1. Can you list residue pairs whose Cβ atoms sit under 9 Å apart, with the first residue in the range 26-44 being not assigned by TED's automatic domain parsing to the domain that holds Leu74 and the second being surrounded by 11 or more Cβ atoms within 10 Å (Cβ to Cβ) and of a type in the set (S, T, N, Q)? Count only pairs 6 or more apart in sequence or on different chains.
2. Report, by residue number, each residue of the range 1-26 that is hydroxyl-bearing (Ser, Thr, Tyr) and surrounded by 13 or more Cβ atoms within 10 Å (Cβ to Cβ).
3. Check the range 104-112 and report whether any residue there is modelled with pLDDT of 95 or more, surrounded by fewer than 16 Cβ atoms within 10 Å (Cβ to Cβ) and outside any strand (DSSP E or B).
4. Quick check, is Val83 at pLDDT 95 or above and surrounded by fewer than 12 Cβ atoms within 10 Å (Cβ to Cβ)?
5. Can you work out which of the residues in the range 1-21 that are in contact with a strand residue (DSSP E or B) (Cβ under 6 Å, 6 or more places away or on another chain) and of a type in the set (Phe, Trp, Tyr) is farthest from Ile61 (Cα to Cα)?
6. Which number in (1) hydrophobic (A, V, I, L, M, F, W, C); (2) loosely packed, with under 14 Cβ neighbours inside 10 Å; (3) at pLDDT below 95; (4) part of a helix (DSSP H, G or I) marks the one condition that Met152 misses?
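The values are calculated or read from the model by the stated rules, or taken from the named source; none is laboratory data. All values reported here derive from a predicted model rather than from experimental measurement. Heads up, the Cβs are rebuilt from the backbone with ideal geometry, glycines too, and the neighbour counts pull from every protein chain shown.
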Amino acid sequence: MTVVMYAGDADYNCNWLGGQAVAEKINSTGFTDAGYVNMTTSDGIVHAQVKQAGAFTFARIFESGHEVPYYQPLAALEMFERVLAGKDVATGKVSVKGGSKYLTVGSKSSTYREGNSTIQFVEVPQDATYNTTTNEPNPFNGTASAKEKRSMKLNKASMRSIMRSPKLFKPGKKN
């Protein structure tokens, strides 16, 4: 049987750390010896880190909320296709059918960090939708008051200033 547990790392309801803890407690054969590796999709982008032992996988999907297929549709689709094809989740190239001893070889913990991308500086309207291109809410759905809109614009300007800060985490650099 193939089992894939996955969680979006920006999901505040069911956070990925809790999912990872459950995956560890299941104690699937070889899982504690596996490490995290990047999952790259057909667009050449690393959308996740996965830890896999045979047919048991835990995946941390980057910059995704509770509904992973909404926030990272390509990653969700390719993960699903790879699992149905009996391939490893990270690359989709290695067969993991029939009691495979496949193990991902990587770091013992997921090391990706988003920096300030998940910091929310202002409360947005309850019906705000999420923009998967900009990775931020579309706050103007008709319910935001003029005061809220001004506040969001000011906070967006503050956020731009923060993002230009030399102290901000930059991928690939040691902080």
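1. none
2. Correct list: Thr2, Tyr6.
3. Yes, some residue in the range 104-112 is modelled with pLDDT of 95 or more, surrounded by fewer than 16 Cβ atoms within 10 Å (Cβ to Cβ) and outside any strand (DSSP E or B).
4. Values: at pLDDT 95 or above: yes; surrounded by fewer than 12 Cβ atoms within 10 Å (Cβ to Cβ): no.
No; evaluated as a whole, the condition is false for this residue.
5. The selected residue is Trp16.
6. (2)
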